[in-house]
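*Asks:* Below is a structure I'd like to ask you about.
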Amino acid sequence: MKHDFARHGHSPCSNPQVRAWVQETAELTQPDRIFWCDGSDAERDALNAEAVRQGTLITLNQDRLPGCYYHRSHPNDVARVEQCTYICSESEVDAGPTNNWAEPKAMRAKLLALAKDSMTGRTMFVVPYLMGPASSPLSKVGFEITDSIYVVLNMRIMARIGKVAGKHLGDSPDFNRGLHCLLDLNPERRFICHFPERNEIISVGSGYGGNALLGKKCLALRIASVLGRKEGWLAEHMLILGVESPTGEKTFVAAAFPSQCGKTNFAMMVPPAGFDGWKVWTVGDDIAWMKPGPDGRLYAINPEAGYFGVAPGTNAKTNPNAMRTIQRDTIFTNVALKPDGTVWWEGHDDPPPAECLDWQGRPWTPNSKEKAAHPNSRFTAPMANNPMLAPEADQPEGVPIDAIIFGGRRPTTVPLVLEAFNWSHGVFLGATMGSETTAASSGTVGQIRRDPMAMLPFCGYNMGRYFRHWLDMRKAIKFPPRVFNVNWFRQDADGQFLWPGFGQNMRVLQWIIARCRGRASAQETPLGWMPLIEDFNLAGLANFPAGNLERLQAINPDEWRREILQQDELFMKLYQFLPKEMIFQRELLVARL
Ligand code: OXD
Ligand code: MN
């Protein structure tokens with residue numbers, strides 16, 4: 001196996017800029033070996049074998065889970081770390097009041113000092129990768145240098161890696177430089193830093209997904225949002241799905257939800273009973289790059305090639321397509337390991353195993369006090385495994401977007417669905433969205449964390465200017481998508497969810513699509529256009545009490561007075577850079593209410 005490992009990885013990319021940077025980085029980090037990834041299946045097999053030999057991966061039951069492996073991360077390294085994430089733009093104003101900023105020269109010097117000699121005795125992997133379909137004008141090339149074999153194996157699922165990237169780049173100097181060093185995983189030496197003017201990322205001290213798979217949050221959102229503003233497109237924290245009607249008509253939708261709102265489930269939704277002939281196709285589950293096309297519509301690509309999904313709560317009811325997707329060629333991180341070499345997590349279809357090893361490798365039984373799987377445990381799975389992967393997902397031109405949806409987790413105040421009056425009102429809906437914090441994430445229940453367009457942790461520049469960019473995009477899109485606001489999480493006075501969610505969200509999608517196609521009527525309300533109750537398809541929805549739809553759509557003036565005051569907190573923070581339109585939209589809302 002060692003021999004196999006050594007046999008691969010010896011065909012460096014011919015781009016002179018890439019070679020010079022790799023050489024320079026090797027001189028700095030002093031690895032024993034340099035391994036250039038080519039993306040082949042043989043290489044994957046060799047890397048898997050080497051990772052197992054090192055103990056980084058555990059081979060799962062290959063009869064039940066072919067091609068699947070198991071990984072435990074360091075217990076202090078299990079999530080994104082916003083407090084250690086920096087935008088190192090030349091000017092602090094460019095990072096804006098919602099990002100951590102560090103002076104780029106000083107931060108670079110500090111990071112390079114940490115990286116110095118850090119790969120001695122180790123292998124330095126060079127991963128050429130392409131974000132987006134081959135030969136798409138929207139795609140971008142990155143190179144990640146990393147000393148983590150786990151990162152390489154995840155990157156090859158999450159992005160198109162190897163020759164395809166080198167081919168896309170040619171001799172151009174236009175690629176993202178990403179340096180990732182594990183160091184000793186000491187949280188004191190953990191920094192995820194973005195240098196937008198240099199198109200560069202340096203991430204040290206963490207091996208966890210969002211901090212270490214540099215193509216995902218770092219390049220495809222933080223750096224790409226800066227590139228998008230400069231080049232006239234949008235890099236968004238959005239899923240993309242296509243709804244096919246029984247007549248074969250396809251409508252594509254992009255949707256933004258903050259983390260932990262069931263985004264992957266929505267992206268992979270299966271229409272419920274009664275929707276015969278309807279299909280939902282997945283283009284992407286996390287990120288959308290959107291640019292006006294020659295026909296005046298907005299086109300979107302999914303820059304990724306896989307899903308990095310939260311495992312707990314994933315089951316045949318919440319996400320049957322994800323369950324099918326993760327049956328092979330998947331890396332499971334921080335879930336529970338069963339004695340038969342399969343995996344389990346809280347909310348799995350299978351009952352809790354009588355015994356297993358928890359995410360830290362400790363014996364676990366159903367009597368244990370702690371959870372078997374970490375709440376942020378993950379599966380990394382190729383999108384090609386998804387039985388409902390949209391055939392258009394590889395289309396270089398992307399898919400035309402007819403609706404943009406903004407959602408959040410709001411137990412009160414926000415209706416199930418409404419449509420914006422126009423584009424700038426839609427931008428206001430996105431700018432003011434947020435989620436109620438759950439006890440688990442913050443210790444405070446009932447606080448609304450504002451998360452504009454679900455981009456608060458991911459916008460690589462000043463959020464006020466980001467709203468300006470959204471407003472300005474209208475001029476470049478002749479046929480703009482309609483904008484909607486949804487909330488699956490509204491509760492009654494007893495804390496019971498009013499809406500069943502999951503597959504039943506298809507009913508909301510059906511109304512949204514009918515609106516886009518000019519087929520559904522709506523009523524004007526102070527908040528936006530809302531479905532007429534008699535127009536909304538509730539046929540066959542079991543156990544749905546009469547009057548629940550009215551409760552879901554109710555506008556409570558007291559709640560809205562509070563809401564507007566809370567929205568002001570974010571606006572105050574951004575005031576200096578806030579487009580006037582946002583203030584006008586606020587005033588109009590107050591007047592309507
Ligand atoms: C993610 C996130 O992991 O949004 O996708 O946190
Ligand atoms: Mn995400």
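Values in this text are rule-based calculations from the coordinates and carry no lab data. None of these values were measured; they are calculated from a predicted model. A quick note on method: Cβ atoms are made from the backbone with ideal geometry, for glycine too, and the neighbour counts reach across all protein chains shown.
*Asks:* So if I take the centroid of the Cα atoms in region 535-560 and the same for region 280-295, what is the distance between those two points in Å?
*Replies:* Answer, in whole Å: 31.
*Asks:* Let me ask something additional. Residue separation times 0.36 nm, minus the C-alpha to C-alpha distance between Asp45 and Glu249: what's the value?
*Replies:* In short, 69.3 nm is gained.
*Asks:* Over the Cα atoms of the chain, each weighted equally, I'd like the Debye log10 I(q)/I(0) at q = 0.05, 0.06 Å⁻¹, rounded to two decimals.
*Replies:* -0.21, -0.30
*Asks:* Also, quick follow-up: Local charge sum around Asp492 (other residues, Cβ-Cβ under 13 Å, Lys/Arg +1, Asp/Glu -1)?
*Replies:* Surrounding charge for Asp492 is 0.
*Asks:* Give me Glu534, Glu569 sorted ascending by neighbouring Cβ count inside 10 Å, so fewest comes first.
*Replies:* With the fewest neighbours first, Glu534, Glu569 line up as Glu534, Glu569.
*Asks:* I'd like to compare 316-323, 38-45: which one has the highest average count of other Cβ atoms within 10 Å, and what's the full order after that?
*Replies:* Averaged packing, sorted descending, gives the order 316-323, 38-45.
*Asks:* Still on this structure: Using the structure shown, select from Lys291/Lys478; Lys217/Lys250; Lys105/Lys217; Lys291/Lys475; Lys216/Lys250; Lys140/Lys167 the pairs with a Cα to Cα distance greater than 18 angstrom.
*Replies:* Lys217/Lys250; Lys105/Lys217; Lys216/Lys250
*Asks:* How far apart, in nm, are two points set 7 Å out from the Cα along the Cα-to-Cβ line at Glu24 and at Ala476?
*Replies:* Result: 2.9 nm between the two label points.
*Asks:* Suppose a student asked you for the relative contact order of region 208-361, using Cα pairs under 8 Å spaced at least 6 residues apart; what percent would you report?
*Replies:* 18
*Asks:* How big is region 125-280 along each principal axis, measuring the range of its Cα positions in Å and listing the largest first?
*Replies:* The principal-axis extents, from largest down, are 54, 37, 28 Å.
*Asks:* Let me ask another. Short version: ³J(HN,Hα) in whole Hz for each residue of region 206-217, in order, from phi by Karplus 6.51 cos²θ - 1.76 cosθ + 1.60 (θ = phi - 60°), x for Gly and Pro, what are they?
*Replies:* 9, x, 6, x, x, 8, 10, 7, 5, x, 7, 5
*Asks:* List the residues, sorted by chain then number, that are 5 or more residues from Phe35 or on another chain and whose placed amide H is less than 5 Å from its amide H.
*Replies:* Here Met124, Phe125, Val126 satisfy the definition.
*Asks:* Right, next: In whole angstrom, how far apart do the alpha carbon centroids of region 240-277 and region 455-522 sit?
*Replies:* Region 240-277 and region 455-522 have Cα centres separated by 13 Å.
*Asks:* Distance between the C-alpha centers of region 192-209 and region 570-593? Whole Å please.
*Replies:* Using only Cα atoms, the two centres lie 33 Å from each other.
*Asks:* Pairs of alpha-carbon atoms within less than 8 angstrom and 6+ residues apart define the contacts here; what relative contact order does the chain have, in percent?
*Replies:* Here the relative contact order equals 14 percent.
*Asks:* Net charge near Tyr69, counting Lys/Arg +1 and Asp/Glu -1 over other residues with Cβ under 14 Å of its Cβ?
*Replies:* Local charge sum for Tyr69: +4.
*Asks:* Continuing with the same structure: Please give the length that would be gained between Ala554 and Ser172 if that part of the chain were fully extended, namely 0.36 nm times their separation in residues minus their C-alpha to C-alpha distance (nm, one decimal).
*Replies:* So the chain would gain 132.0 nm between Ala554 and Ser172.
*Asks:* Follow-up. Hull surface divided by four, with the convex hull built on the Cα atoms of region 1-131: how many nm²?
*Replies:* Mean projected area for region 1-131: 11.1 nm², to one decimal.
*Asks:* Also, I was wondering about something else. How much FRET efficiency would the formula 1/(1 + (r/R0)^6) give for Phe584 and Ala546, where r is the Cβ-Cβ distance and R0 is 60 Å, rounded to 0.05?
*Replies:* The computed FRET efficiency comes out at 0.95.
*Asks:* On full extension of the chain, what length is gained from Leu112 through Arg324, given 0.36 nm per residue of separation minus the C-alpha to C-alpha distance?
*Replies:* 72.0 nm
*Asks:* May I ask for the net charge around Lys263, where only other residues with Cβ less than 9 Å from the Cβ of Lys263 are counted and Lys, Arg are +1 while Asp, Glu are -1?
*Replies:* Taking every Cβ under 9 Å from that of Lys263, the sum is -2.
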